[in-house]
Amino acid sequence: MANLPDKQKLVKNFSRCPNWEEKYLYVIELGALLAPLGDENRQAQNLISGCQSQVWIVMHAGENGQIDFAGDSDAAIVKGLLAIVFSLYHGLTAEEVVALDVRPFFGELELSQHLTPSRSQGLEAMIRAIRAKAAVMA
């Protein structure tokens, strides 16, 4: 996975953003840190339904049962939201991913109130898909 910041670093970095525009730009910057997703992973089984944009999420069991994440989107802001979700779930096992509800964290970053309804629905679809895939892997 890309060199994404951990939860504490995300909070620190977002707190330094003085306004929504700066946060928006930081979200896009985070998305740019995700490694490109190969065409072999841009398959229907990895495409997340419920997103206005196209979003692909790939998950594999890694070392010590930790889940490795990869993903991409055709929308820069959505790719950034995906990077944040991956940061929050990084280093967790499938069971831990299923148990962790990351939704409150987006409120802590003061992102929730700035997302359009369609972006919020897409974020919810990504989180549901990740947790459902993790449940199958558990």
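Results, tabulated for the structure shown:
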{"quantity": "Any hit, the stretch 76-92, residues being farther than 17 Å from residue 5 by Cα and either among the basic types (Lys, Arg) or not in a helix (DSSP H, G or I) (or both)", "calculated": "no"}
{"quantity": "Flag for residue 86 being touching a residue at least 12 places away in the same chain (Cβ under 8 Å), under 14 Å from residue 127 (Cβ atoms) and open to solvent by less than 80 Å² (accessible area, probe 1.4 Å)", "calculated": "yes"}
{"quantity": "Selected residue [touching a strand residue (DSSP E or B) at 6+ places or on another chain (Cβ under 6 Å) and open to solvent by 40 Å² or more (accessible area, probe 1.4 Å)] from 42, 128", "calculated": "42"}
{"quantity": "Some residue of the stretch 59-72 being charged (D, E, K, R), modelled with pLDDT under 95, surrounded by 14 or more Cβ atoms within 10 Å (Cβ to Cβ) and assigned to a helix (DSSP H, G or I)", "calculated": "no"}
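The values are calculated or read from the model by the stated rules, or taken from the named source; none is laboratory data. Just so it is clear, the structure is predicted and the values come from calculations on it, not from any experiment. Glycine gets a Cβ as well: all are built from the backbone with ideal geometry, and neighbour counts include every protein chain shown. Just the protein is used for accessible areas: all its heavy atoms, side chains included, with ligands, DNA and RNA removed. Shrake-Rupley method; radii C 1.70, N 1.55, O 1.52, S 1.80 Å.
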